[in-house]
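For reference, the structure discussed in these notes is given below.
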There are 2 protein chains.
Amino acid sequence: MSDAVAPAGYDPSAYPPFAVTSDIVVLTIRGGELSVLLVERGNEPYAGCWALPGGFVDIDEPGEETARRELVEETGLEISSFHLEQLRTYSAPQRDPRMRVVSTAYLAFLPDLPAPVAGDDAARARFFAVRDIEAGEVTLAFDHDQILADAVERARSKIEYTTLAAAFVEKPFTLGDLRRVYECVWGTRLHPSNFARKVLSTPGFVRSLDVRGASQFEGGRVGALYETGDATVLHPAILRPTADEEDER
Amino acid sequence: MSDAVAPAGYDPSAYPPFAVTSDIVVLTIRGGELSVLLVERGNEPYAGCWALPGGFVDIDEPGEETARRELVEETGLEISSFHLEQLRTYSAPQRDPRMRVVSTAYLAFLPDLPAPVAGDDAARARFFAVRDIEAGEVTLAFDHDQILADAVERARSKIEYTTLAAAFVEKPFTLGDLRRVYECVWGTRLHPSNFARKVLSTPGFVRSLDVRGASQFEGGRVGALYETGDATVLHPAILRPTADEEDER
DNA sequence: GGAATAGTGTCTTTTAGACATTATGTA
DNA sequence: TACATAATGTCTAAAAGACACTATTCC
């Protein structure tokens, strides 16, 4: 902040009418696909279009709180606690045709959820496979395609050097479950044995529960169960294959 | 954005009075120290305190443009083009005692600059060693200590896996110059030969000019000169020593 | 010459990646 | 039984890190 136009004796009619909003990108793994939660807009502009959940920030409300509140109001998803981080702020002057809207996007990583229901302001709410949106089968309202692209890139990058991949699975989980998170988010296949070696050699990534149980996703031999460890960053990182692998799962 | 409180027929007096600002963190290397540009505030609140340059966003102005404009207005630094990226947005309700101010911070990496001069709204402007601020010798206005800490961590992290370290040196530069950037930003020493091997084995990081010249910083044998290459990301990354090195240069 | 940096080369350890093999569960 | 996944182990290549030694330039 500078001292310019210091609004000490504030005159609302003289001050430019900025709107401040929060949008939330909820990513999860559903049916082997990285998926994002969208709501169908009921009102203009972009009525009938799919968009990210979000809404206007109250004057005394932290932006992150707005994101959590709108998620509940628009989709009925009531989740006790989950990882939520700021993505970035979108403030192009014409991004909303109504007025100048400065929107801060937040990013949430969640394990597979019960189906959402439409809430107050949204006609419908459901998960979409990110792959379909990237393929252009769905076009989002406002600049939400760009926000989603930034969010997915953040997710793909962040699971490399943090333990956030574990936020996508219910605990307890098997190493196969965790590996499938990486495969779904990156859209590649990983060697199971090399992956397990890396995860287990990273202190604090996972903690063994010394019991066995079925995978959350697929059949076959049941594996050892793990829970999330204390670490938040990974040394060394688990790096993405450098795009010379086979294309898809 | 949701449809809530859609301000189609907009009534300024009914809409909460948000202020939207941009702050800019200008980092450079001066005298072997990672340094940040600060301005001394002329007005309340925090009059006489040092703060990051910044100011209110115009209603039809992109936030990034505000950051560039305020940098010139407050410090007189007229730089043609430089790397500027969004850091994050700070919107705690009480971060400014006057009113609700949502501020987006931007981060610039620059080579050593001529001394700045105070501009319109700032009493003085000068560079401070980040080390001194981290040591608590200077306390910044508002939440700018937090913004600076986030910016420095971003810089320390980003030179690991991008070519941004080159933005801190004038081109042409020697490999010693580039290594000193890493050493100043991380506060560590690096093995000159291993560093050179890594940089030269990373395609597109630097391009040899096939001439020799003096280092920008220190004496000794003059080395080969390089310019910035085409790459923007580094494969493999140049990782920070894991905090079991000697403390300082 | 002395000091400081540039540059080359070598050796060891760690990590990544590919892959073979065996074990154990489900349909 | 067929099949899918878990788990262990081996081999090779790449990269990191430590360090010795020579070369060049400024003072």
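The values are calculated or read from the model by the stated rules, or taken from the named source; none is laboratory data. Only a predicted model underlies this, so the values are computations on that prediction, with no experimental measurement involved. Virtual Cβ from ideal backbone geometry, glycine too; neighbours counted across all protein chains shown. For accessibility, only protein heavy atoms count, side chains too; no ligands or nucleic acids. Shrake-Rupley method; radii C 1.70, N 1.55, O 1.52, S 1.80 Å.
Using Cα atoms only, what is the angle between the long axis of helix B:192-201 and the major principal axis of chain B, expressed in degrees (0 to 90) to the nearest 10?
The two axes meet at around 80 degrees.
Using amide H atoms built in the peptide plane, which far-off residues or other-chain residues are under 5 Å from B:GLY223 H to H?
So B:GLY223 has HN proximity to B:GLY213, B:SER215.
Under a GNM of chain B (C-alpha, springs under 10 Å), which listed residue has the highest mean-square fluctuation: B:LEU52, B:LEU190, B:LEU164?
So, out of B:LEU52, B:LEU190, B:LEU164, the one fluctuating most is B:LEU190.
Name the GluC sites (Glu not before Pro) in the range B:53-158 that are in a loop by DSSP and that have at most 13 other C-beta atoms within 10 Å, would you?
Within the range B:53-158, the qualifying GluC sites (Glu not before Pro) (loop, at most 13 other Cβ atoms within 10 Å) are B:GLU78, B:GLU137.
Once every DSSP H run of n ≥ 4 in chain B is given -39500 (n - 2.57) and the sum is divided by its residues, what mean residue ellipticity at 222 nm do you get, rounded to the nearest 500 deg cm²/dmol?
Result for chain B: -7000 deg cm²/dmol, rounded to the nearest 500.
Along the charge dipole of chain B, Cβ charges K/R +1 and D/E -1, which of B:VAL102, B:ALA196, B:ALA165 sits furthest on the positive end?
B:ALA196
Suppose each label sits 7 Å from its Cα in the direction of the beta carbon; what would the B:MET99-A:LEU200 distance come out to in nanometres?
Roughly 6.1 nm, to one decimal.
If you roll a 1.4 angstrom probe over the protein chains with everything in place, what fraction of the accessible area of the range B:160-228 belongs to carbon and sulfur, to the nearest %?
52 percent
Measuring nothing but label to label, 7 Å from Cα along Cα→Cβ, what are B:ARG69's distances to the other copies in nm, shortest first?
So the label point of B:ARG69 gives 3.1 nm to the other copies.
Only counting protein heavy atoms at a 1.4 Å probe, give the residues of the range A:20-64, ordered by number, whose accessible area falls by 50 Å² or more when the other protein chains are present relative to the chain alone.
A:VAL20, A:PHE56, A:ILE59
Short version: ³J(HN,Hα) in whole Hz for each residue of the range A:135-148, in order, from phi by Karplus 6.51 cos²θ - 1.76 cosθ + 1.60 (θ = phi - 60°), x for Gly and Pro, what are they?
7, x, 6, 10, 10, 8, 6, 6, 9, 5, 4, 5, 4, 5
For the range A:155-244, what class follows from the C-alpha gyration tensor (a ≥ b ≥ c being the square roots of its eigenvalues): rounded when a/c is under 1.5, otherwise prolate if a/b is larger than b/c, else oblate?
oblate
Out of residues 5 or more away from B:ARG98 or on other chains, whose amide H comes under 5 Å of its own, with H placed 1.01 Å from N in the peptide plane?
Placed amide hydrogens put nothing under 5 Å from B:ARG98.
Using a Gaussian network for chain B with springs between C-alpha atoms less than 10 Å apart, which of these wobbles most: B:VAL199, B:VAL25, B:VAL39?
Comparing B:VAL199, B:VAL25, B:VAL39 in a Gaussian network model of chain B, the most mobile one is B:VAL199.
Ordered by residue, what ³J(HN,Hα) values in Hz, to whole numbers, does the range A:68-84 give under the Karplus form 6.51 cos²θ - 1.76 cosθ + 1.60, where θ = phi - 60° and Gly and Pro are x?
After applying 6.51 cos²θ - 1.76 cosθ + 1.60, I find 5, 5, 5, 4, 5, 5, 8, 10, x, 7, 10, 10, 4, 9, 7, 5, 9 Hz.
In terms of modelled amide H atoms, which long-range or inter-chain residues lie less than 5 Å from the amide H of B:LEU77?
Residues meeting the amide H criterion: B:VAL117.
Between rounded, prolate and oblate, where does the range A:17-158 land on the alpha carbon gyration tensor, with a ≥ b ≥ c its root eigenvalues, rounded for a/c under 1.5, else prolate if a/b exceeds b/c?
Here the range A:17-158 falls in the rounded category.
When the solvent-accessible surface of protein heavy atoms is calculated with a 1.4 angstrom probe, in what order do B:ASP96, A:ASP150, B:ASP112 fall, highest first?
Ranking B:ASP96, A:ASP150, B:ASP112 by accessible area, largest first, yields B:ASP112, A:ASP150, B:ASP96.
If R0 is 35 Å, what FRET efficiency do you get for A:ARG207 and B:PHE82 from their C-beta distance, rounded to 0.05?
After rounding to 0.05, the efficiency reads 0.15.
Return the lysines within reach of A:LYS158: Cα separation strictly under 17 angstrom, same-chain partners fewer than 8 residues apart disregarded; answer none if there are no such residues.
Filter leaves A:LYS198, B:LYS158.
Please work out the average accessible area per residue across the range A:63-168, using the 1.4 Å probe convention, and give it in Å².
Heavy-atom accessible area per residue stands at 39 Å².
What's the average, rounded to a whole number, of partner chain beta-carbon atoms within 10 Å of each residue's beta-carbon in B:225-237?
Taking all residues of B:225-237 together, the mean is 1.
Pick from B:LEU84, B:LEU140, B:LEU239: which residue has the top mean-square fluctuation in a GNM of chain B where Cα pairs under 10 Å get a spring?
Fluctuation is largest for B:LEU239.
Give me a single rounded figure for B:84-90: the average over its residues of other chain Cβ atoms within 10 Å of their Cβ.
4
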